[in-house]
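Just so it is clear, none of the values below were taken in a lab; they were calculated from the coordinates. Computed from a predicted model, the values in this text were never measured in an experiment. In this analysis, Cβ positions are derived from the backbone assuming ideal geometry, glycine residues included, and neighbour counts consider all displayed protein chains.
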Amino acid sequence: MASIYNLFVINKSGGLIFYKDYGSTGRLDTNDSLRLASLWHSMHAISIQLSPTPGCTGMEVLEADTFDLHCFQSLTGTKLFVASEPGAPGITALLKTIYELYADYVLKNPFYEVEMPIRCELFEYNLLQAIRREKYSVGGR
Amino acid sequence: MLQAPGGAVGSSTRMRCMYMFNRQGVCLHYHVWLRPVSVLSRQEDQKLMFGLLFSLKLFTAKMDPVGGSKGQLGAAQLQGQGCSFHSFQTNTYKLSFMETPTGLKIVLVTDSKMSDLREALKYIYSNIYVEYVVKNPLYTPDTPFKCELFNQNLDNYVKTLS
């Protein structure tokens, strides 16, 4: 059973609007997660500039020594990214599912202001359900 | 640098370009196989590439979900310390990265469907760079180089990659 370590959602200007830790050791504090999110946003933009061929839309998978990072960018520029165990399968599909949940439980919430941090119980609940349904293990939090 | 005549077909069409940086960020070697688009001038492009690698390393070192305490984001690290990365993919290209203990960085940009190139990078380092550049008596270490034999052997080797 592959593990998921954490999930970030960033808005189109690189601000962190949602962060959830699913059991990594040495957890990130709020400031660090904000910094990492905006760092990812800028590196994503730079990777487009460095493309040798036209039509690049930015980094999709980053393979690090101890984790894999999969990133999904929506048409409106919202980016979702997940750190998982190296070689974990089906993360791209999971990201699409998470995006659907975001559309259903966040964007359709009449009290939610777009581009603002997500505080939405139903979203978090369904997120956890979806991750469990896809048979990924999460830490005991 | 143009492709060797007759080398246009085969797997070498999957290669895009290669960068080599020393630990100060000076580009020691830049090799192009196929690059229809470059937004920036060559020098700016190399600087941006080094900057991206530098930030990615800081990012992965801080992000590392299994490593325990890691210090602040951007904290200075010794060579080989902390979680690094070996590749990333976009829809148009794949970038493979290797860093040696001396801080030499080798970056290979290929098409996006390329398989794992970690072994290939090691091969390029130890069997091509060390053999034809480092062992060249006229080469001053840590400076940019132009070496015919290196280019030839690199071209021949990348044709075998898939």
- Criterion violated by A:GLY87 - all others in (1) closer than 24 Å to A:SER137 by Cβ; (2) out of contact with any helix residue (DSSP H, G or I) (no Cβ under 8 Å at 6 or more places or on another chain); (3) without any contact (Cβ under 8 Å) to a residue 12 or more places away in the chain satisfied: (3)
- In segment A:1-32, which residues are more than 10 Å from chain B (Cβ to nearest Cβ) and either closer than 19 Å to B:SER96 by Cα or assigned to a helix (DSSP H, G or I) (or both)? A:THR30
- Any idea how many residues of segment B:46-75 are out of contact with any Asp or Glu (no Cβ under 7 Å at 6 or more places or on another chain) and within 7 Å of chain A (Cβ to nearest Cβ)? 14
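Tell me yes or no: at least one residue of segment A:97-108 is within 30 Å of B:PHE50 (Cα to Cα), crowded, with 19+ Cβ neighbours inside 10 Å and either in contact (Cβ under 8 Å) with a residue 24 or more places away in the chain or touching a His at 6+ places or on another chain (Cβ under 8 Å) (or both). So that I can check it myself, show each step before the final result.
Filtering segment A:97-108 down to residues within 30 Å of B:PHE50 (Cα to Cα) leaves none.
No, segment A:97-108 contains no residue that is within 30 Å of B:PHE50 (Cα to Cα), crowded, with 19+ Cβ neighbours inside 10 Å and either in contact (Cβ under 8 Å) with a residue 24 or more places away in the chain or touching a His at 6+ places or on another chain (Cβ under 8 Å) (or both).
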- Tell me, please, whether a residue that is within 23 Å of B:ARG118 (Cα to Cα) and under 14 Å from the mean Cα position of the chain (by Cα) can be found in segment A:109-125. no
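Suppose we keep only residues that are part of a loop (DSSP other than H, G, I, E, B) and either touching a Leu at 6+ places or on another chain (Cβ under 6 Å) or facing another protein chain (nearest Cβ under 7 Å) (or both) within segment A:58-74. Which one would you say is surrounded by the fewest Cβ atoms within 10 Å (Cβ to Cβ)?
A:ASP65
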- Out of all the residues in segment A:102-139, which are closer than 19 Å to A:ILE4 by Cβ, outside any helix (DSSP H, G or I) and among the acidic types (Asp, Glu)? A:GLU134
